[in-house]
Each structure stands twice: as C-alpha cells, then as structure tokens.
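**Student:** Pasting a structure here, questions to come.
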Amino acid sequence: MNTKKDEFNIYTAIDILDEQCVRLEQGDFDISTTYNQDPVSVAKDWKAKGAKWLHIVDLNGAKSGTRVNFDIIKEIMNTIDLKVQVGGGIRNIETAEAYLNAGISRIVVGSIAVTKPEIVKELLEKFGGDRVAVALDCRDGYVAIDGWQTKSDLKALNIINQYKEYGLKTVIHTDISKDGMLEGPNLEELRELAELTDINIIASGGVSNIDDIYNLKNLKKDCPNLDGVIIGKALYAQRIKPEELYTDEIYL
C-alpha cells in the first residue's frame, strides 16, 4: 500500500466516542461536539461524496487503551469499500492484528511509541511500514500521550529517528493546539519536520477552509514527503464543501 510522492491524500476523519461521531477541541474529552449518532452512516455518506480514505479514531480506546468501538469500526469496513486507517487504543499485538485481519489498510499507534517502544518495533517488523503508522500528537513541540492528556519529553523527530530503522514509513503530525480550533494548520512546524526527514507526513489539526488545503498542497511542492491531510471539523461544520474537496485538482 505504497503512496506516490506526487499524490496529495485527503483523510476524512471519523472520531468515535460513546458510539457516536464527534469532534474534540484540542484533544479535550470535556469539550466535544456530537455530529451524528451513527458513525456507519457517516462513513457511507463520505464515500458517496467522494472520499477515498477514512481516518477513524476510537476515542474511548485512546483513553482506556482497549478497542472499545471495534465492532462499529468493523461494521464500517464490512459496509464500505474504502481505504481506512484506524487509531485509538492500539497498544498490543493482539489488537493490531484484530484490526488488520478485519481489513483495515493501516493501523495508527500513538502513546506506545513513547511508553512501549518494543511493541511498536515488533509491529513494524511483523506487519511492515505500509500497514503501521505512528501518530505524533504534539503540544508546544513535544509529543503528548494517553489520549493527548500527558506531555512527554520527546519531540517528533526523536520518535521518527527511533523507528525509521525498523521500517517506519508514515507519521501523522497533529498540532494539538490547532486541532478542532479551525485556525489553520501549523505550516512552519510541518515544513521544519518534513525537511528533517524523508518519512511520509500526514498533517492533522487546524484546517478551517479550502485555502488551508491549497496552502498545504503548495507546501508539498517544497516537501514532497507531505503525504496529505486529515480533515474533520471543517467538513462537519461545513467550512469546506465536499464538492470542492474531493476533486482531481486536490488529489493530484
């Protein structure tokens, strides 16, 4: 499942909390907005509007460390034919294998990249870099863990360098201060990270309008390893219309 350097991928977000489709502000579980009570219907709708990738997060799982919403995610996989990456609560080989066996294209690990590096190394060696990505959720430049609730003493590049030798190919970089705030992505931090590594980077957090997407595409001209962007609240709040996003002009 290699991605081409000239492609710009749009990862449409579905965050699941208590079996509902929600969005958080700055990773705060106490500040959430429910957009739909049926994540499966949301997935169907995004596919019908032109989505090619889904980025699904089990928020309950991210908080508890278990696959709380696994059945819902599996139902989504059984209902639609899209590429899907899943994160939230994937903290052992068994959970990772369960998702991959269910047809998930790529799993995303977060906290354990800091707390249990031996598991991440095993995942990369067993399943390969095409099927395992690392989420780098950053606050003030440092990676946060435990559903964004705890700030570590590691920076994004530290973790990239740690796992690159084990086959890591893709990281998701989220600026928590931007996430859910509709204030625009952190282009400077993305550029800095992209220029320091050849790992594929997926941007996340802050997208507010279609101009932000074009700004990221322009950044890709200088940083070809900018793989794409995760979009959530801007779509749900109708700041970006599907018909202006899911187009060949954006994807290519």
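**Student:** Determine if segment 235-245 includes at least one residue that is touching an Asp or Glu at 6+ places or on another chain (Cβ under 8 Å) and not aliphatic (A, V, I, L, M).
**Tutor:** no
**Student:** Report, by residue number, each residue of segment 220-238 that is touching a Gly at 6+ places or on another chain (Cβ under 9 Å) and assigned to a strand (DSSP E or B).
**Tutor:** Correct list: Ile230 only.
**Student:** Another question about this same structure. Please verify whether segment 51-70 includes one or more residues that are at pLDDT 95 or above, open to solvent by 20 Å² or more (accessible area, probe 1.4 Å) and over 18 Å from the mean Cα position of the chain (by Cα).
**Tutor:** No, because not a single residue in segment 51-70 is at pLDDT 95 or above, open to solvent by 20 Å² or more (accessible area, probe 1.4 Å) and over 18 Å from the mean Cα position of the chain (by Cα).
**Student:** Would you please list the contacts, defined by Cβ atoms under 8 Å and residues six or more apart or on different chains, that run from a residue in segment 57-77 that is on the phi > 0 side of the Ramachandran plot and touching a residue at least 12 places away in the same chain (Cβ under 8 Å) to a residue that is open to solvent by less than 30 Å² (accessible area, probe 1.4 Å) and of a type outside the set (S, T, N, Q)?
**Tutor:** These pairs meet every condition: Gly65/Gly89.
**Student:** Okay, next question. Residue pairs, Cβ under 8 Å, 6 or more apart or interchain, first in segment 163-174 and assigned to a helix (DSSP H, G or I), second of a type in the set (S, T, N, Q). List them.
**Tutor:** Note: pairs meeting the criteria are Lys164/Thr197.
**Student:** Can you find a residue in segment 133-145 that is modelled with pLDDT of 95 or more and at negative phi?
**Tutor:** Within segment 133-145 (the criterion being modelled with pLDDT of 95 or more and at negative phi), the answer is yes, since at least one residue qualifies.
**Student:** Which one is farthest from Asn161 (Cα to Cα), of the residues in segment 75-119 that are at pLDDT 95 or above and among the acidic types (Asp, Glu)?
**Tutor:** Filtering first and then ranking leaves Glu75.
**Student:** Quickly run through segment 156-177 and pick out the residues that are touching a Pro at 6+ places or on another chain (Cβ under 8 Å) and under 24 Å from Ile231 (Cβ atoms).
**Tutor:** The one that is touching a Pro at 6+ places or on another chain (Cβ under 8 Å) and under 24 Å from Ile231 (Cβ atoms): Asp175.
**Student:** Specify which of the listed residues (Asp45, Asp18) is at pLDDT 95 or above and either over 30 Å from Asn218 (Cα atoms) or surrounded by fewer than 23 Cβ atoms within 10 Å (Cβ to Cβ) (or both).
**Tutor:** Answer to the check: Asp45.
**Student:** I want to confirm something. Restricting to segment 116-130 and keeping residues that are touching a Phe, Trp or Tyr at 6+ places or on another chain (Cβ under 8 Å) and open to solvent by 40 Å² or more (accessible area, probe 1.4 Å), which single residue is nearest to Leu154 (Cα to Cα)?
**Tutor:** Filtering first and then ranking leaves Lys121.
**Student:** Do the conditions hold for Gly205, that is, is it touching a Pro at 6+ places or on another chain (Cβ under 8 Å) and modelled with pLDDT under 95?
**Tutor:** yes
**Student:** Determine the pairs where a residue that is under 14 Å from Ala133 (Cα atoms) and among the β-branched types (Val, Ile, Thr), located within segment 81-94, has a partner that is part of a loop (DSSP other than H, G, I, E, B) and open to solvent by 10 Å² or more (accessible area, probe 1.4 Å) with Cβ atoms under 7 Å apart, the partner being 6 or more residues away or on another chain.
**Tutor:** Close Cβ pairs (under 7 Å, with a partner that is part of a loop (DSSP other than H, G, I, E, B) and open to solvent by 10 Å² or more (accessible area, probe 1.4 Å)) amount to Val84/Ser105.
The values are calculated or read from the model by the stated rules, or taken from the named source; none is laboratory data. Since the structure is predicted, the reported quantities are computational estimates derived from the model, not experimental observations. So basically every Cβ, Gly included, is an ideal-geometry build from the backbone, and we count neighbours across all protein chains shown. Side chains included, ligands, DNA and RNA excluded: accessible areas come from the protein's heavy atoms. Shrake-Rupley method; radii C 1.70, N 1.55, O 1.52, S 1.80 Å.
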